[in-house]
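Taken together, the values in this text are just the output of simple stated rules run on the coordinates, not laboratory data. The model shown is predicted, which means the values in this text are computed figures rather than measured ones. Glycine also receives a Cβ, built like all others from the backbone with ideal geometry; neighbour counts cover every protein chain displayed.
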Amino acid sequence: MELRNILHPMARSLIYSNDLGYAGLTFPNQILVIRNYHRNRLASIYNFGYLNKIIKKYILYAEDNPLGLITMESRKVQITGGSTYIVSLPKPWIKERGIEAGDPLWISLQQDGALLLSQKIKGVKEIKKKVLEIEDENDEHLIRKLIGLYIAGYSTIEIKSKKIDATTRRTIRDFTKMVVGPEIIDEDDKCMVLQDLINPAEFSQKKGLRRMYLLVKSMHKDAIFALKKRENNLAKDVILRDGEVNRLEWMIAKQYNLILNDNEIAKSIGVRSEKSLNFMLISRIIERIGDHATKIAESTLLLDGMNVDDKTVRELVNVSDISLEILEKSMNAFFSENLNEANEAIDLSDKLNKMSDMLMKRIREQESDVVVSLTSILESVRRTGLYATDISEIAINYIFSLR
């Protein structure tokens, strides 16, 4: 996998300076976005290893380069007329975008001091439209494509086919119920048009993330309570709530892509791309925690009618309390930028692992028909706490980036 795809799926290329610790991404209609990220911080966030394996001083990962990398030339600042500073633009970039002498280009000062050069006309909102041609499309594949286009930030999606059958129409309608914003605004037997009706500036990533956290926390608590009291209806309700978690996670990811690609949206929302990135990373972790709450509920349903030792259930509740405490401390540490609370959350993981190991020995002594389900529940409870420590690590990285 190319590094640019890990950093951002819409990026055309990635540039990285080994000695200065700078990284940047290029996007359609934009020359270069430079961000002052130290390589160790990049490695810890994206976990793609040590970037100092890149031997060249300047490396460009490009789509149109069959070898995957080429060296990037530097450009000197020149002065003309005694007071005007100029820098020449790369000729391949000029030709690729059809720029001619006299064409306007827009320069925007970024919050980190970088300059962003773009062909986009300031103040004019660009409508991102995608035409999706389908033919005998698998329903699951179509859903994945639509979710991908939604997260990428396309405001209009036009689905075309020789004939859209009833099953495909139902799949497209199901998609509009799975996400926030897109609605069907036009359709006939060969085409369906989806339009995102949500204004990006009206959605707060922070509020969305907090809502995800509270929702997942309640799902976990209810799943454990359903196990304790054998409340099957409550367990089924936990499973149904997972869809809302996914909706919020996709919306936060979409918002991040919009902020990264459009500086005007970032300004209107009032969120820097660095913080938006952390919202997205944490939302992915919370979504996984929600998946484990769902697994706990599903395993609880499988235990219906089986005898489970009361002491084992009590110990499971105790382990769950530790996992939730780690989650609460981690989220509070991020929202309040509290370094001490983040470290406290990570330190609790040792206690969580010891309690889980002890309980596992007890579960193995149970009747064979309940061992599988109880083991699955314990593993999901443990993973909830361990995923939460990842949130604390992100919080620590972010807190230090502010200092």
#### Entry: Mean projected area in nm² (Cα convex hull; one quarter of hull surface) for region 167-319
11.7
### Task
Write down the Å³ per residue value for the convex hull defined by the alpha carbon atoms of region 137-177.
67
### Task
Sticking with the crude label model, points 7 Å out along Cα→Cβ, report the distance from Leu386 to Glu140 in nm, one decimal please.
2.6
### Message
With 10 angstrom as the radius, rank Asp350, Asp291 by how many other C-beta atoms surround their C-beta, starting from the fewest.
### Response
Asp350, Asp291
## Note on the structure
Check: C-alpha center region 162-179 vs C-alpha center region 353-380, spacing in Å is 42
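Run through region 361-399 and list the GluC sites (Glu not before Pro) located in a DSSP loop whose Cβ has at most 16 other Cβ atoms within 10 Å.
In loop regions of region 361-399 (DSSP not H, G, I, E or B), the sparsely surrounded GluC sites (Glu not before Pro) are Glu365, Glu367.
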### Query
How do Ser74, Ser320 line up, fewest other C-beta atoms within 10 Å first?
Ser74, Ser320
### Message
If you average 1/r across every pair of different Cα atoms in region 202-401 and take the reciprocal, what Kirkwood value do you get, in Å?
### Response
17.5
### Whole-Hz ³J(HN,Hα) from phi, Karplus 6.51 cos²θ - 1.76 cosθ + 1.60, for region 296-302, glycine and proline x
4, 5, 5, 5, 4, 5, 5
#### Entry: Projected-area average for region 161-217 over all orientations - Cα convex hull basis, square nanometres
5.0
